[in-house]
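The values are calculated or read from the model by the stated rules, or taken from the named source; none is laboratory data. Since the structure is predicted, the reported quantities are computational estimates derived from the model, not experimental observations. Here the Cβ is made from the backbone with ideal geometry for all residues, glycine too, and neighbour counts use every protein chain on show. To get the accessible areas, we keep the full protein, side chains included, count just its heavy atoms, and leave off ligands, DNA and RNA. Shrake-Rupley method; radii C 1.70, N 1.55, O 1.52, S 1.80 Å.
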Amino acid sequence: MPDEGILLVVSGFSGAGKGTITKAICSRYDNYALSISATTRKPRVGEVEGEHYFFRSKEEFEEMIRNDALIEYACYEGNYYGTPKDYVMKKLSEGCDVILEIEVQGAQKVHEKFPDTPMVFVTAPTAEILAGRLRGRGTENEEQIRGRLRRATEEAEFMGDYDYILINDTVDETVESLHDIFRVEHMKVKRNSRFMDEMKRGLGHLS
Ligand code: 5GP
């Protein structure tokens with residue numbers, strides 16, 4: 001049976017590039033799985049049901065809450081977002097490292113439930129670059145962009161609660177840094193109890 005994978009949270013400012021990074025690490029390496037969230041927000045142009053999100057009505061989402069089908073959920077800019085439990089648990093038990101790309105309130109809930117979860121915060125190198133990236137992607141109007149920047153100001157207060165800060169200058173480097181975080185996390189003593197037990201047993205046989 002494979003060792004259980006690592007559950008890791010990635011949060012960050014809207015426009016910091018966390019979506020690009022989490023998708024890129026999954027296509028570059030085999031062992032990662034990206035959780036697909038449910039949301040009540042409307043699909044953006046090009047977003048595909050079951051690939052980017054599970055798009056649900058408010059009623060359907062509230063039923064998932066009642067059925068305890070979500071690891072966590074939060075309200076962001078007037079919409080629900082939540083992490084369906086089944087897929088994450090299945091992938092972890094198969095030995096995959098699972099990434100939750102979620103906002104700060106949801107991240108806090110995951111941390112309360114699973115305190116060993118590494119928490120990673122992705123940011124652009126400067127506030128100006130962040131604003132430029134948000135405008136450049138052309139998916140929100142100016143009012144929505146202002147809303148996201150206001151939200152970023154609030155989220156900045158939570159950066160200190162995270163374990164790692166990833167300053168996303170180039171995607172390639174940031175993907176490698178995230179991969180390094182997983183490598184280090186895999187080396188932690190608390191994640192290697194099975195190995196240590198086997199080592200002790202092996203030594204016991206030899207001595
Ligand atoms: P967007 O509308 O730009 O796709 O996402 C808005 C915010 O919701 C982002 O910060 C994203 O990380 C967050 N988000 C996406 N899925 C989830 C989820 O399942 N739970 C929580 N708490 N936040 C999520």
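Each residue of the range 97-106 in turn: what ³J(HN,Hα) in whole Hz from Karplus with 6.51, -1.76, 1.60 and θ = phi - 60°, glycine and Pro shown as x?
8, 10, 9, 9, 9, 9, 7, 5, 5, x
With a 1.4 Å probe and every protein chain kept in, tell me what percent of the accessible surface of the chain is carbon plus sulfur.
On the chain, the fraction of accessible area on carbon and sulfur atoms equals 53 percent.
Where does the charge balance sit around Lys188 when Lys and Arg score +1, Asp and Glu -1, over other residues with C-beta under 15 Å from its C-beta?
-3
How much of the DSSP bridge set in the chain is antiparallel, in percent, rounded to the nearest 5?
Among the beta bridges of the chain, antiparallel pairing accounts for roughly 30 percent.
Between Phe114 and Arg150, what FRET efficiency comes out of the Förster formula 1/(1 + (r/R0)^6) with R0 = 35 Å and r the beta carbon distance, rounded to 0.05?
0.70
Hey, which lysines would be in cross-link range of Lys190, C-alpha to C-alpha under 22 Å, not counting anything within fewer than 8 residues on its own chain?
Qualifying lysines at Cα under 22 Å: Lys90, Lys91, Lys109, Lys113, Lys200.
Debye sum, Cα scatterers, the chain, no solvent: what log₁₀ I/I(0) at q = 0.07 1/Å?
-0.24
At 7 Å along Cα-to-Cβ for each site, give me the label-to-label distance between Glu47 and Thr20 in nm.
Distance between the two pseudo-spin positions: 1.9 nm.
Enter the accessible area per residue of the range 6-124 (Å², integer; probe 1.4 Å; all protein chains in place).
Per residue, the range 6-124 has 45 Å² of solvent-accessible surface.
What distance in nm lies between label points placed 7 Å from Cα along the C-beta direction at Lys200 and Glu142?
6.6 nm
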